[in-house]
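Since the structure comes first, as structure tokens, the remarks are kept for the end.
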Amino acid sequence: MNFMKKIIILLPLFVLCCFAAMAQLNKSTIAPNEIVIKELPAKVFTQFLQSAVKSTAYKGSFAKEKKALLKNIESSDPALIAKKISLLTGLIKADMFKNNFNTLSITSRSATVTTMPAAITLLKDVEAGLKPEAITGIWGLQRNAWLEEVNKIK
């Protein structure tokens, strides 16, 4: 009988402690997948900037502009991301692009971007327009994973 009294008294206390502990946990109103999706544009842009293009493919002004490229990159504003992609395109030497690639097209298209998939399409186009000698060796290993991330952006 003593054992039953202890259970009757301790069980409600245990349940109350569990609820109190759960109330203290940080509850986000945004689903984890939504957080990841919002961070993807910044992630794929930064990964491309830091891993894909050889440092020798950039113009001399790249070192000064890199900070501006990375500033506010976590923004979910497609127009801002497109503007940064256009700026990045302008910082790559013209002879590092394939002959049929038009950098002015990227600049003009970036001015009309209103959705994140459209902005990221610009980045994919820049990547596809680069000559093999402009691409780092490691990018070949990272590119498929990068494209998987890019294709998640909606």
ask   = How do the pairs read when you match residues in the range 54-80 that are within 16 Å of E39 (Cβ to Cβ) with residues anywhere that are of a type in the set (G, A, S), using Cβ under 8 Å and keeping only pairs 6 or more apart or on different chains?
value = I73/A42; E74/A42; S75/A42; P78/A118; P78/A119
inquiry  = Please verify whether G129 is small (G, A, S), surrounded by 10 or more Cβ atoms within 10 Å (Cβ to Cβ) and in contact with a strand residue (DSSP E or B) (Cβ under 6 Å, 6 or more places away or on another chain), treating the condition exactly as stated.
reply    = yes
note = (1) touching a residue at least 12 places away in the same chain (Cβ under 8 Å); (2) exposed (fewer than 15 other Cβ atoms within 10 Å of the Cβ); (3) over 18 Å from V44 (Cα atoms) all hold for F101 apart from (2)
remark   = Scanning the range 110-154 for residues that are in contact (Cβ under 8 Å) with a residue 12 or more places away in the chain and of a type in the set (S, T, Y), the one nearest to A82 (Cα to Cα) turns out to be S110
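No lab work stands behind these numbers, since they all come straight from the coordinates. Note that the coordinates shown come from a computational prediction; the quantities given were computed from them, not determined experimentally. Don't worry about glycine lacking a Cβ; one is built from the backbone with ideal geometry, like all the others, and counts go over all protein chains shown.
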